[in-house]
Amino acid sequence: MSELAILGGPKTRTEPYPQWPVWDQRDIDAVTEVIKSGRWGGYPYPGPKTAELAEKFAELQGGGYAVPMINGTVTMEVALRAAGVGWGDEVIVPAYTFQATASAPMAAGAIPVIVDVDPNTYCLDANAAARAITPKTKAIIPVHLGSNMADMDAIMVLARSAKYNLIVIEDCAHAHGAKWNGQGAGTIGHFGSFSLQSSKTLTSGEGGILLCKTPELAAKAASIIDCGRPHALGGGPEDPNGLSLMGANYRLSELQAALALAGIERFPAQAKQREQMAAYMDESLSEIPGVRLMKRDPRHTTRSFYRYIFAIDPQQFGMEHDVLCAALDAEGIDSWTGYEAMHNYELFQPQKSTLAVPSAFPEYFKFEEMNLPEATRACEHEAVWLDEAVFRAGPKGVDDAVEAIRKVQKNALELNKAADELRERYR
Ligand SMILES: Cc1ncc(COP(=O)(O)O)c(C=O)c1O
């Protein structure tokens, strides 16, 4: 019998990894309190739990004016609209990210200009961003991907340059608690966009928080998400003398805010454990031939772990990443080859889309002509994403993952022979 679970052998890990989200009596009490209060929704905005969440979240990230809302996609659309970015403006986004990073500019009427990523972090390459700037460029959205951060120093220098003066929106859907030079993710650019969707390391089931650099931007954001009502500076309550911009109902409900508040209490201990276990994972994986760890920039002072990403050199490791991930899943280690590169998303293909932006500006969506070698290499051959649950399972969780990776590599010959059939099964 084969040693490999995918070919009928025994699994490396039989015990499931710990589930997410984690909850306890605090969540039940918090939601019960809101239910009994009768104030379930988000109007008038912000409700008491939402206001408390805004305060505690800004504290957690170390700055900014927080405006909670319905998800971490709308956050970016609202940021662009609050900053006055709209129809026909260009917004630079990385090629390797979730589609929301590009669909949000389109929802605001802007054009996502897709550029390549840095192979050391798989985050936006600041040099590629610099080359993509034109007189129509108004904003950049760097994504802090998995557990890495984009080079915020280089991006801010570029954005602040007298020639450009660009708006920077950090997509921090994966970066709760992360710090760059000691400064919280999402507080470096003009905006930080956070998702509270159920898989994220701080969650309310669904939800999002926009951190704004100035009280004016926060007031505008609060107005946009509250049907255009005028809001006080800092995103505070409705105020007839406040700022107002056209909007819709994107308010977070009080029930969701209560869940996020309970999650914030648990967050520091969880983040610490993930960080400690990730250091152990780095050490263990670095000994495996053909594994390339993401390069940790010393300015990335606190790492946060939504997903742990590493790369393999398929030749040296002995197989392609999709074969490895299929075999790891069978071994009881949840793994994934990661996001599609942005130019592979059918959603944005002008010939397949009735969205206003690709239809009006098809010249920006000639995906077959785009040269994005690093994002393509990551998504087609190299990247391996592990779930943060590996770290919540403690040293044994890491040991099992590493043992499974070694086992799969040791049996590469046998596995590759069955690879075509396995690929079918994995898809
Ligand atoms: C990088 C990135 N940006 C934005 C989002 C969108 O967040 P939401 O699902 O809350 O809209 C996600 C969600 O997975 C994401 O991974």
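Restricting attention to the chain, close to 65% of DSSP beta bridges with both partner residues there are antiparallel. Of the peptides 97-106, 165-174, 406-415, 28-37, the order by per-residue mean of other Cβ atoms within 10 Å, starting with the highest, comes out as 165-174, 97-106, 406-415, 28-37.
Less than 5 angstrom separates the built amide H of residue 301 from those of 179, 180, 181, 182, all sequence-distant by 5 or more or on a different chain. Couplings for the stretch 84-89, taken from phi via the Karplus curve 6.51 cos²θ - 1.76 cosθ + 1.60 with θ = phi - 60°, read x, 8, x, 3, x, 6 Hz in order; Gly and Pro are left as x. When the alpha carbon gyration tensor of the stretch 1-113 is reduced to an equivalent ellipsoid, its three semi-axes come out at 36, 30, 12 angstrom, largest first. An ellipsoid equivalent to the stretch 25-263, defined through the eigenvalues of its Cα gyration tensor, has semi-axes of 29, 20, 14 Å when rounded to whole angstrom and sorted largest first. Per the Kirkwood formula applied to alpha carbons, the stretch 301-427 shows a radius of gyration over Rh ratio, Rg over Rh, of 1.07. Near the amide H of residue 67, within less than 5 Å, lie the amide hydrogens of 210, 211, 212, all on another chain or at least 5 residues away, with H placed in the peptide plane. Relative contact order, whole percent, for the stretch 116-252 stands at 14, derived from Cα pairs under 8 Å and 6 or more residues apart. Each Lys or Arg adds one and each Asp or Glu takes one away; over the other residues whose Cβ falls under 15 Å from the Cβ of residue 255, this sums to -1.
Mean separation of Cα pairs under 8 Å and 6 or more residues apart, divided by the residue count, gives the stretch 237-336 a relative contact order of 18 percent. Scalar couplings 3J(HN,Hα) for the stretch 389-400, obtained by applying the Karplus form with A = 6.51, B = -1.76, C = 1.60 to θ = phi - 60°, are 4, 4, 7, 5, 7, x, x, 5, x, 5, 4, 4 Hz; x denotes Gly and Pro.
Stretched out straight at 0.36 nm per residue, the stretch from residue 153 to residue 273 would grow longer than its current Cα-Cα span by 40.4 nm.
Using only the alpha-carbon atoms of the chain as identical scatterers, what base-10 log of I(q)/I(0) does the Debye formula give at q = 0.09, 0.11, 0.14 Å⁻¹? Taken in order of the listed q values, log10 I(q)/I(0) reads -0.57, -0.85, -1.27.
For residue 307, the residues 5 or more places off, or on other chains, whose built amide H falls under 5 Å of its own are 146, 147.
Given the Cα-Cα distance of residue 286 and residue 24 and 0.36 nm per residue of separation, how much length would full extension add, in nm? Please report the intermediate quantities before stating the final value.
On the way: separation 262, 0.36 × 262 = 94.32 nm, distance 3.62 nm.
Length difference between fully extended and current span is 90.7 nm.
Between 403, 275, 287, the residue with the greatest mean-square fluctuation in the GNM of the chain (Cα pairs under 10 Å linked by springs) is 287. With springs only between Cα atoms under 10 Å apart, run a GNM on the chain and tell me which of 54, 66, 279 wobbles the most. Of the options given, 279 has the highest mean-square fluctuation.
Rounded to the nearest whole Hz, the Karplus-based 3J(HN,Hα) values (6.51 cos²θ - 1.76 cosθ + 1.60, θ = phi - 60°) of the stretch 187-200 follow the sequence 10, 8, x, 6, 9, x, 10, 10, 9, 10, 4, 4, 7, 6, with x at glycine and proline.
Using 0.36 nm per residue and subtracting the Cα-Cα separation, the extra length available between residue 356 and residue 410 on full extension is 14.4 nm.
In the chain, the DSSP-assigned H stretches of four residues or longer account for a calculated mean residue ellipticity at 222 nm of -11000 deg cm²/dmol, using -39500 (n - 2.57) per stretch and the full residue count as denominator.
So which lysines pass the test for residue 213, namely a Cα distance under 30 Å, with those fewer than 8 places away in the same chain ruled out? Reachable lysines: 49, 56, 136, 138, 163, 179, 200, 272, 295. Across the chain, the relative contact order, built from alpha-carbon pairs under 8 Å that are at least six residues apart, equals 20 percent.
Rounded to the nearest 0.05, what FRET efficiency is calculated for residue 14 and residue 199 with R0 set to 30 Å and r the Cβ-Cβ distance?
On the way: r = 24 Å, r/R0 = 0.79.
So, using R0 = 30 Å, E works out to roughly 0.80.
All of the numbers you see were taken from the coordinates with simple rules; none came from a lab. Here the structure is a predicted model, which is why all the values come from computation and not from measurement. Quick reminder, even Gly has a Cβ in these numbers, built from the backbone with ideal geometry, and neighbours come from all protein chains shown.
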